[in-house]
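Remarks on the structure that follows.
The values are calculated or read from the model by the stated rules, or taken from the named source; none is laboratory data. Values in this document were obtained by computation on a predicted structure and should not be read as measured data. Cβ placement follows ideal geometry from the backbone for every residue including glycine, while neighbour counts extend to all protein chains displayed.
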Amino acid sequence: MDMKSLTREELKIKVEELGEKGFRAGQLYQWMHEKLAESYEEMTSLSKSFRAKLEEEGALMKLDMIQVQESKADGTRKYLFGLSDGNMVESVWMKYRHGNSVCISSQVGCRMGCKFCASTLDGLERNLLPSEMLEQIYAIIRHTGEKVNNIVVMGTGEPMDNYDNLIRFIHLISSPGGQNISQRNITVSTCGLVPEMKKLAAQGLQITLALSLHATTDEKRRELMPIANRYSLKELMEACRYYFEETGRRITFEYALVAGVNDRKEDADALSRLAGGLNCHVNLIPVNPIKERDYRQSARGQIEAFKNKLEKNKINVTIRREMGRDIDGACGQLRRRHMENDLA
């Protein structure tokens, strides 16, 4: 029984099944999600007999902290966590003036095959449980001793490919009695799973949806992202419009600039035409080079020129601040290097 993945209502039913009063569910929920207890033994307001019953149901979900890297440049921390089945996932803690952000993984590996991403090189191992997604955040809070203000589900994996667990995670992390993080401070990325984007729009959530766009034509997008063979740009843009109409939340377009591939003036003009009719924000990302691919980051001047062209075309745009470059900051790099060292 994965207690940490249960909602308050489900927990109340479970607690009553164990012969306890229903109000104990609220106490248990608070210990797990607000006080961040790592074991039932820490839950001293619960009776010893109740704690023993909980232990019989199964241990509380907990991740092993295998490795922590800290950037000398900006204090960003990259975490490698071990799961109960021997798999590993990465998370990143970033400190900004407006608060602390944590980027978490939603899967072990990824099957989307994006050409510039280290996460997908070994394919998909499995989905993460809601509790395993939560525990990445909880472990980082315990380790840093600081509050988390913003969550980005943009680490290893395609969140929409783990849809049901993602939705449960969002409800749990934003619930009163837990961390109570505003849904407006939660961003979920997708490489463009159109049916799931439309399904998400109907959930009534106030999160930010970030679409990994990275190209302005179907042909070029297919070169970079295999998912483009399933869904065209036309279908994607229709899904984005639908999402905004249903939620009132503007879309973020993630655009990784790759030298000589998608960073020309013509690309900026084409991106302006795509984004022009939408309530959106463009986030330009200087691509993180990975040794298994020969994609290079665009020159700084080229990135600035691309941004200026978008602004001239009245597109809301920023360049993502590069963080953690000196500590394998890109998704999947730390996990992959650790796996290679284990095989060596």
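Among the listed residues GLU20, GLU55, identify the single one that is exposed (fewer than 14 other Cβ atoms within 10 Å of the Cβ) and over 28 Å from GLN107 (Cβ atoms).
GLU55 is the lone residue from the list that is exposed (fewer than 14 other Cβ atoms within 10 Å of the Cβ) and over 28 Å from GLN107 (Cβ atoms).
The number of residues in the stretch 237-254 that are more than 27 Å from ASN180 (Cα to Cα) and buried (at least 22 other Cβ atoms within 10 Å of the Cβ) comes to 2.
Residues that are among the small types (Gly, Ala, Ser) and within 22 Å of the chain's Cα centre (by Cα) within the stretch 206-241 comprise ALA210, SER212, ALA215, ALA228, ALA239, listed in sequence order.
So, ARG300, is that one in the same structural domain as LEU213 (by TED's automatic domain parsing) and modelled with pLDDT under 90 or not? Answer is no for this residue. Scanning the stretch 60-81 for residues that are within 17 Å of GLU135 (Cβ to Cβ), in contact with a Phe, Trp or Tyr (Cβ under 8 Å, 6 or more places away or on another chain) and assigned to a loop (DSSP other than H, G, I, E, B) turns up LEU60, LEU63. Residues of the stretch 142-172 that are closer than 18 Å to ASN127 by Cα and among the hydrophobic types (A, V, I, L, M, F, W, C): VAL152, VAL153, MET154, MET160, LEU166, ILE167, PHE169, ILE170, LEU172.
When restricted to residues that are closer than 23 Å to GLU223 by Cβ and in a helix (DSSP H, G or I), the stretch 233-290 contains 19.
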